[in-house]
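Asks: Below are the structure tokens for one structure; questions will follow.
The values are calculated or read from the model by the stated rules, or taken from the named source; none is laboratory data. Computed from a predicted structure; not experimentally measured. Ideal geometry is used to build each Cβ from the backbone, glycine not excepted, and the neighbour counts take in all protein chains shown. We work out accessible area using only protein heavy atoms, side chains counted, and drop any ligands, DNA or RNA first. Shrake-Rupley method; radii C 1.70, N 1.55, O 1.52, S 1.80 Å.
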Amino acid sequence: MSELLRLVQNHLDRWGVKKAEFARRAGTTPQTLYTWATRPLRQLPDKHILDGIAREARYPDWLILDAALIDAGYRSSYPDVAEIRQRLRMLTPDDCREIAREAGDLADYAELKQQRTLSDPGHIARGATLPHTQAQTADSGAYRPSPWIEDLLDNGRKVIEPESEGEHARGG
């Protein structure tokens, strides 16, 4: 199954939407979806179709574009850590601040949600437990980055540290 169609199918399965209705809302035809299911893409779909799929399925534009690039043979897989790192380095300072603000908001929301779960007396009675994440452990409360974030940071340090040491040596 194509990556693009897999994303569409995930949306259809989750929300019970018919393919014809989804196609109409996304600005394409059911025949287009059928074609993607029966033969590989030879070229990228029109931008308005990709935008429509992203809008209707509520996926980020970049995910839809990456799926289409894979299906059309321009990519062999989704971006890896090295490519994500490169994309982050190309951001403007304002974009970096916006990402940091958004990440802070998401972290605050996750903490609030976790506090509500812990304070819910029915939570313990139902035997529910907090999901264990690599980012935070309930016992220590210490933050530990996920493996791909560690890799991103470590590789970034490897690139930055030699430059800063060299600059320091040149500077005196």
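Asks: Would you grab the residues whose amide H sits under 5 Å from the one on THR28? Only those 5+ places off in sequence or on another chain, please, with H modelled 1.01 Å from N.
Replies: Here the answer is none, since no amide H 5 or more places off falls under 5 Å of that of THR28.
Asks: Once you put a point 7 Å from the Cα of GLN31 and another 7 Å from the Cα of GLN86, both along the Cβ direction, what distance in nm separates them?
Replies: Between GLN31 and GLN86, the label points sit 3.9 nm apart.
Asks: Give the residue list of trypsin sites (Lys or Arg not before Pro) in region 34-102 that are DSSP loop and have at most 16 other beta-carbon atoms within 10 angstrom. Present the calculation step by step, with values, prior to reporting the outcome.
Replies: Working: sites: ARG42, LYS47, ARG55, ARG58, ARG75, ARG85, ARG87, ARG89, ARG97, ARG101; in loops: ARG42, ARG58, ARG75.
Filter output for region 34-102: ARG42, ARG58, ARG75.
Asks: What is the sum of charges, Lys and Arg at +1 and Asp and Glu at -1, for the other residues whose Cβ falls under 12 Å from the Cβ of LEU63?
Replies: Values: positive: ARG6, ARG58; negative: GLU3, ASP61, ASP66.
Around LEU63, the charge tally is -1.
Asks: Give the calculated FRET efficiency between THR38 and ARG75 to the nearest 0.05, with a Förster radius of 22 Å applied to their Cβ-Cβ distance. Write down the numbers at each step before the final one.
Replies: On the way: r = 22 Å, r/R0 = 0.98.
Computed FRET efficiency for THR38 and ARG75: 0.55.
Asks: Taking θ = phi - 60°, what integer Hz values does the Karplus form 6.51 cos²θ - 1.76 cosθ + 1.60 yield along region 41-52, in sequence order, with x for Gly and Pro?
Replies: So the Karplus estimates, Gly and Pro as x, are 5, 9, 8, 5, x, 4, 4, 5, 6, 4, 4, x Hz.
Asks: Further, regarding this structure: Relative to the Cα centre, what is the charge dipole magnitude of region 48-124, using +1 at the beta carbon of each Lys and Arg, -1 at the beta carbon of each Asp and Glu, and rounding to the nearest 20 debye? If you can, show how the numbers build up before the last one.
Replies: Details: 10 positive and 15 negative charges, 26 e Å.
My answer is approximately 120 debye.
Asks: Which sequence of LYS18, LYS113 reflects their accessible areas, 1.4 Å probe, from the largest down?
Replies: Numbers: LYS18 150, LYS113 120 Å².
Sorted descending by solvent-accessible area, the residues read LYS18, LYS113.
Asks: Near ALA110, within a Cβ-to-Cβ distance under 14 Å, what is the net charge of the other residues, with Lys and Arg +1 and Asp and Glu -1? Write out the running numbers ahead of the final one.
Replies: On the way: positive: LYS113, ARG116; negative: GLU102, ASP105, ASP108, GLU111.
That works out to -2.
Asks: Tell me, what HN-Hα J-couplings in whole Hz come from the Karplus equation 6.51 cos²θ - 1.76 cosθ + 1.60 at θ = phi - 60° for each residue of region 10-27, using x for Gly and Pro?
Replies: 4, 5, 4, 5, 5, 10, x, 7, 6, 4, 4, 5, 4, 4, 4, 5, 7, x
Asks: Quote the convex hull volume per residue of region 36-111, based on C-alpha atoms, as a whole number of Å³. Can you show the working numbers first?
Replies: Working: hull volume 10.7 nm³, N = 76.
Taking the convex hull of the Cα positions in region 36-111, it is 141 Å³ per residue.
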